[in-house]
Number of protein chains: 2
Amino acid sequence: MPEKSVVDVAKAAFKPVDWGQTKILVSPTANGSEHVRVGLTEYDPATPHEPHAHPGQEEVIWVLSGRGYTETHGEKIDLYPGAVAFIPAGMEHKTAAVGEKMQAIIIKGPVRDADGVLS
Amino acid sequence: MPEKSVVDVAKAAFKPVDWGQTKILVSPTANGSEHVRVGLTEYDPATPHEPHAHPGQEEVIWVLSGRGYTETHGEKIDLYPGAVAFIPAGMEHKTAAVGEKMQAIIIKGPVRDADGVLS
């Protein structure tokens, strides 16, 4: 039985990360999820994400507000409200806001990457 | 390499389902995902979802607009914009809109349930 069956995004607290701030809504620690992890990330244009990859773990970026891009596989994908980007497991990507802060739902699966890291 | 690295939600077409209409943005057939499936579902209050469960597969409901509920594990969880509900694998649930149509992002992981069904 999960600890929390429902969370109000507006009431969940952001935590600072190097590229802005993030709040985790669904995760093993938040509500016992074993397969999917869901959060809301606010990218700050002043501090772009560094290129990185999650071995064995897929990522989906569903943009809610703001604008930006994700660079992946040699492509620069424009991000805007309603854009849903898919980053296959292990593929390098760099995500950043442009001009203003960008809020996006970040979905990852499985919960742990191939190195066992809960990310 | 996925067929599509980014999708515009506004341009993806809805397909009718018994409880309203849905569009799939991330799936094995849409872009080669192997772990997560992401869609946008519009629940019609006239045709509530029947109680059902996905063995081995978790579901997350992230409400974007409208109001409704999901009944799961004897609880009736109110759904409203910004509510993020987590339904553990195999848990019965019935989701419905109330009064007006409700749009929600539906996330499932893994992609196939324990019976191998791609749902």
Looking at this structure, is B:G99 within 15 Å of the chain's Cα centre (by Cα), at pLDDT 95 or above, more than 9 Å from chain A (Cβ to nearest Cβ) and at positive phi?
no
Note: among B:V26, B:V38, B:V7, just one is under 27 Å from A:G90 (Cβ atoms), of a type in the set (A, V, I, L, M) and more than 15 Å from the chain's Cα centre (by Cα), namely B:V7
With B:D8, B:D115 as the choices, which residue is surrounded by fewer than 20 Cβ atoms within 10 Å (Cβ to Cβ) and within 13 Å of chain A (Cβ to nearest Cβ)?
B:D8
Tally time: how many residues in segment A:62-77 are assigned to a strand (DSSP E or B), surrounded by 14 or more Cβ atoms within 10 Å (Cβ to Cβ), more than 7 Å from chain B (Cβ to nearest Cβ) and touching a Phe, Trp or Tyr at 6+ places or on another chain (Cβ under 9 Å)?
2
Can you find a residue in segment A:14-25 that is among the small types (G, A, S), surrounded by 16 or more Cβ atoms within 10 Å (Cβ to Cβ) and more than 10 Å from every other protein chain (Cβ to nearest Cβ)?
yes
Looking at (1) modelled with pLDDT of 95 or more; (2) within 11 Å of chain B (Cβ to nearest Cβ), find the lone condition where A:A30 falls short.
(1)
What single numbered condition from (1) outside any loop (DSSP other than H, G, I, E, B); (2) over 23 Å from A:E58 (Cα atoms); (3) more than 13 Å from every other protein chain (Cβ to nearest Cβ); (4) under 13 Å from the mean Cα position of the chain (by Cα) fails to hold for B:H49?
(1)
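The values are calculated or read from the model by the stated rules, or taken from the named source; none is laboratory data. Worth saying up front: this structure is predicted, and the values here are computed from it rather than measured. Cβ: placed from backbone, ideal geometry, glycine included. Neighbour counts: every protein chain shown.
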